[in-house]
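*Asks:* Here's a structure for you.
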């Protein structure tokens, strides 16, 4: 008997859409990479880890939702306890470069070294990352081959449709529904390139956009990656937008409309139902 569900039916219960909750970045990695971390500021006390991460884990536990955290390998050295706390709470850890290096600008040797270093470091915590999200959203011409050779099963660049290419699953995110895109002044040019105002979006505007994204995923019977950044969610108003969005998602899950699962679970499901997906990379 063919147990492959019809196209557009996701997960073990054949839901209308699949959604992964994802978080990018932890700690000082980005500031250290960009040289913006104050030299007289102590390391290992970043509010994204000490204040925001516990609030996020508490929220997810209360909502009964599991997420994928794409973290920089540097955090293995700086926040081992926090990393294990994510895993112990039932969430997935994916890789997000060593120190948030701008991925598309790397040479082959750099890319290979950073991937290998991260896999090894996470292995010291008995964590095997199966997913990778490139900082900046873009892969290189070598990324697919390197990821496959190192045992990754999926990646999550900026893109449009979930797909499978040469046994590597692509679970893309879309910039206009990313919190950093919406709120941070430095994303003004990117906003403009997508037809938005150069000015940051208001929290109500962004909340409406996230609601529309969930509705479109159901209507189109597609995959959706929700992407938040702990350092952005330190602002109370932004956290409330995220919280209310995930409450809406929880209700859709309870109604059997959406399958919400970490990226690795979605990737494994796609690999076991390959006829449902065509490669576009």
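*Asks:* Checking residue 268 against (1) buried (at least 18 other Cβ atoms within 10 Å of the Cβ); (2) closer than 13 Å to residue 163 by Cα; (3) over 14 Å from the mean Cα position of the chain (by Cα); (4) modelled with pLDDT of 95 or more, which test does it fail?
*Replies:* Of the numbered conditions (1) buried (at least 18 other Cβ atoms within 10 Å of the Cβ); (2) closer than 13 Å to residue 163 by Cα; (3) over 14 Å from the mean Cα position of the chain (by Cα); (4) modelled with pLDDT of 95 or more, the odd one out for residue 268 is (1).
*Asks:* If you don't mind, another one. Where the second residue is surrounded by 14 or more Cβ atoms within 10 Å (Cβ to Cβ) and part of a loop (DSSP other than H, G, I, E, B) and the first is without any contact (Cβ under 8 Å) to a residue 40 or more places away in the chain and lies in the stretch 73-91, which pairs have Cβ atoms under 8 Å and are six or more apart or on separate chains?
*Replies:* Short answer, once both residue conditions are applied: 90/66.
*Asks:* I'm checking my understanding of the structure. Among residues of the stretch 144-183 that are part of a strand (DSSP E or B) and in contact (Cβ under 8 Å) with a residue 40 or more places away in the chain, which one is nearest to residue 110 (Cα to Cα)? First the steps, then the outcome.
*Replies:* As a first pass, look at the stretch 144-183 and keep what is part of a strand (DSSP E or B): 154-155, 158, 163-165, 168-170, 173, 178.
The next check asks that each one be in contact (Cβ under 8 Å) with a residue 40 or more places away in the chain; those that pass are 154, 163-165, 169-170, 173, 178.
Working: 154: 20, 163: 27, 164: 26, 165: 23, 169: 23, 170: 22, 173: 24, 178: 27 Å.
Only one residue fits best here, namely 154.
*Asks:* Oh, and also: Scan the stretch 47-74 for residues that are in a helix (DSSP H, G or I), in contact with a helix residue (DSSP H, G or I) (Cβ under 6 Å, 6 or more places away or on another chain) and within 21 Å of residue 130 (Cβ to Cβ) and jot them down.
*Replies:* Within the stretch 47-74, 74 is the sole residue that qualifies.
*Asks:* Could you run through the stretch 188-209 and say how many residues are touching a helix residue (DSSP H, G or I) at 6+ places or on another chain (Cβ under 6 Å), without any contact (Cβ under 8 Å) to a residue 12 or more places away in the chain and in a helix (DSSP H, G or I)?
*Replies:* 0
*Asks:* Could you give me the residue pairs with C-beta distances under 7 Å whose first residue belongs to the stretch 35-47 and is touching a residue at least 12 places away in the same chain (Cβ under 8 Å) and at negative phi, whose second residue is surrounded by 10 or more Cβ atoms within 10 Å (Cβ to Cβ) and not in a loop (DSSP other than H, G, I, E, B) wherever it lies, and which are 6+ apart or on separate chains?
*Replies:* 43/78; 47/234
*Asks:* Next question. Any idea which of 86, 93, 127 is crowded, with 16+ Cβ neighbours inside 10 Å, under 19 Å from the mean Cα position of the chain (by Cα), more than 28 Å from residue 241 (Cβ to Cβ) and at pLDDT 95 or above? Step through it out loud before you land on a result.
*Replies:* Working: 86 fails: more than 28 Å from residue 241 (Cβ to Cβ); 93 fails: more than 28 Å from residue 241 (Cβ to Cβ).
On inspection, the qualifying residue turns out to be 127.
*Asks:* Mind listing whichever residues of the stretch 215-235 are surrounded by fewer than 18 Cβ atoms within 10 Å (Cβ to Cβ) and either over 13 Å from residue 258 (Cβ atoms) or touching a strand residue (DSSP E or B) at 6+ places or on another chain (Cβ under 7 Å) (or both)? Walk me through it before giving the result.
*Replies:* In the first step, residues of the stretch 215-235 are kept if they are surrounded by fewer than 18 Cβ atoms within 10 Å (Cβ to Cβ); the result is 215-216, 218-222, 234-235.
Those that are surrounded by fewer than 18 Cβ atoms within 10 Å (Cβ to Cβ) and either over 13 Å from residue 258 (Cβ atoms) or touching a strand residue (DSSP E or B) at 6+ places or on another chain (Cβ under 7 Å) (or both): 218, 221, 222, 234, 235.
*Asks:* Considering each of 242, 212 in turn, give the residue that is in contact with a strand residue (DSSP E or B) (Cβ under 9 Å, 6 or more places away or on another chain), assigned to a helix (DSSP H, G or I) and at pLDDT 95 or above. Show your work before the answer.
*Replies:* Values: 212 fails: in contact with a strand residue (DSSP E or B) (Cβ under 9 Å, 6 or more places away or on another chain).
None of the others qualify; the one that does is 242.
*Asks:* Just one of (1) part of a loop (DSSP other than H, G, I, E, B); (2) over 18 Å from the mean Cα position of the chain (by Cα); (3) surrounded by 15 or more Cβ atoms within 10 Å (Cβ to Cβ) trips up residue 141, so point out which.
*Replies:* (3)
*Asks:* From 121, 61, grab the single residue that is closer than 22 Å to residue 45 by Cα and modelled with pLDDT of 95 or more.
*Replies:* Details: 61 fails: closer than 22 Å to residue 45 by Cα.
The unique qualifying residue is 121.
The values are calculated or read from the model by the stated rules, or taken from the named source; none is laboratory data. A quick note: this is a predicted structure, and the numbers were derived from the prediction, not measured. Cβ: placed from backbone, ideal geometry, glycine included. Neighbour counts: every protein chain shown.
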